[in-house]
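Asker: The structure follows.
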Amino acid sequence: MGIMNVDRLLLWGARGALGLILLEPLVIGSFGLTASLWPKAVSFRALVEIAFIFYILLLYRNPREYMPRFSLLSWALSAFVGALLLASIFGISLAQSFWGDAWRTEGFIFYLHLLVFFFVASTIFFRRGEWLWLLKGVVAVGGVASAVGVLQAFGFSLPFVFMLESGRVSGT
């Protein structure tokens with residue numbers, strides 16, 4: 001396998017993991033403390049970490065092409081996450097600030113994953129067409145989630161959707 005093929009495979013691995021994140025609005029399950037938030041948080045973190053592993057390998061193989069490009073936005077996001085780190089360290093509850101609670105999981109670790117997601121996505125998607133593909137995916141998944149909610153509102157029971165309580169739309 002040539003060098004270019006390995007890079008292409010790693011690039012598609014990172015893009016595939018980030019592409020699967022588009023399906024997050026459809027993730028719902030009966031495991032965890034909540035039916036919607038906990039499974040989404042776990043799958044989001046896992047997919048970001050998988051994409052990051054592929055990205056690190058790409059960066060190792062070709063640092064000139066895959067080094068993050070810093071802009072005002074990337075510096076601002078990095079400063080924000082840095083401020084969150086300081087607030088987590090010096091806050092009342094280090095564990096809760098760092099990890100978040102079991103229902104929402106919005107601690108420092110979550111925001112660190114969002115920052116990694118931003119840097120990986122902004123580095124591996126080059127062309128306008130690739131960003132449009134992502135936008136079309138977000139719109140399509142939003143349409144599916146909306147359609148599930150509308151069907152539930154009209155009383156249709158969907159066997160593949162975990163229902164929280166009857167009489168209430170419990171889509172994603």
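Asker: Enter the accessible area of residue 99 (Å², nearest 10), with the probe set to 1.4 Å and all protein chains included.
Answerer: Looks like 140 Å² after rounding.
Asker: Report, to the nearest whole %, how much of the accessible area of segment 117-159 belongs to carbon and sulfur atoms, 1.4 Å probe, protein only. Provide the component values of the computation, followed by the final result.
Answerer: Details: 2010 of 2730 Å².
That share works out to 74 percent.
The values are calculated or read from the model by the stated rules, or taken from the named source; none is laboratory data. What you see is a predicted model; the values in this text were computed from it and never measured. Keep in mind that these areas ignore ligands, DNA and RNA; they rest on the heavy atoms of the full protein, side chains included. Shrake-Rupley method; radii C 1.70, N 1.55, O 1.52, S 1.80 Å.
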